[in-house]
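Engineer: Quick one: this structure, given as structure tokens, is what I'll be asking you about.
The values are calculated or read from the model by the stated rules, or taken from the named source; none is laboratory data. Keep in mind the model is a prediction, meaning the values are calculated, not measured. A quick note on method: Cβ atoms are made from the backbone with ideal geometry, for glycine too, and the neighbour counts reach across all protein chains shown. These accessible areas exclude ligands, DNA and RNA; they are computed on the full protein's heavy atoms, side chains included. Shrake-Rupley method; radii C 1.70, N 1.55, O 1.52, S 1.80 Å.
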Amino acid sequence: MSDFDQREPHARAPVKEGLPEGLRPISMEGLSLLQIDDSGRLFWDGKPIEVSKAFTLTWWQKVGAVVAIVATAATAVVEWLQYFWPR
């Protein structure tokens, strides 16, 4: 039995079938471990919850993004010119 189980036994709920390995639900009483401060930061049992998932684009994705930006900007310029200087 882990330290968490001994300290907060009410934080466990019956495990449902179909959950991935290592995941478990918490009980309604266990939700008292979830807190929020005045600035809106989220805490679990007094410890801050930090969620970050960085991603990087491949070289080809960067090229595609630049092409899309240039095409969008060119379209905007053409439309702007047609609006202010109609033929």
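Engineer: Among (1) at pLDDT below 95; (2) among the polar types (S, T, N, Q); (3) part of a helix (DSSP H, G or I), there is one condition T56 misses while meeting the rest; what is its number?
Structural biologist: Only one criterion is unmet by T56, namely (3).
Engineer: Which of the residues that make up region 18-61 are over 19 Å from the mean Cα position of the chain (by Cα) and open to solvent by 100 Å² or more (accessible area, probe 1.4 Å)?
Structural biologist: E21, M28, E29, D38, W59, W60
Engineer: Let me ask something additional. Please tell me if T75 is of a type outside the set (A, V, I, L, M) and assigned to a helix (DSSP H, G or I). First the steps, then the outcome.
Structural biologist: Values: of a type outside the set (A, V, I, L, M): yes; assigned to a helix (DSSP H, G or I): yes.
Taking the combined requirement at face value, the residue satisfies it.
Engineer: Among the residues of region 33-41, is there at least one that is part of a helix (DSSP H, G or I), closer than 29 Å to P14 by Cβ and of a type outside the set (V, I, T)?
Structural biologist: Yes, region 33-41 contains at least one residue that is part of a helix (DSSP H, G or I), closer than 29 Å to P14 by Cβ and of a type outside the set (V, I, T).
Engineer: Here's another thing I want to ask about it. Consider region 15-32. How many of its residues are outside any loop (DSSP other than H, G, I, E, B) and within 16 Å of K47 (Cβ to Cβ)?
Structural biologist: 3
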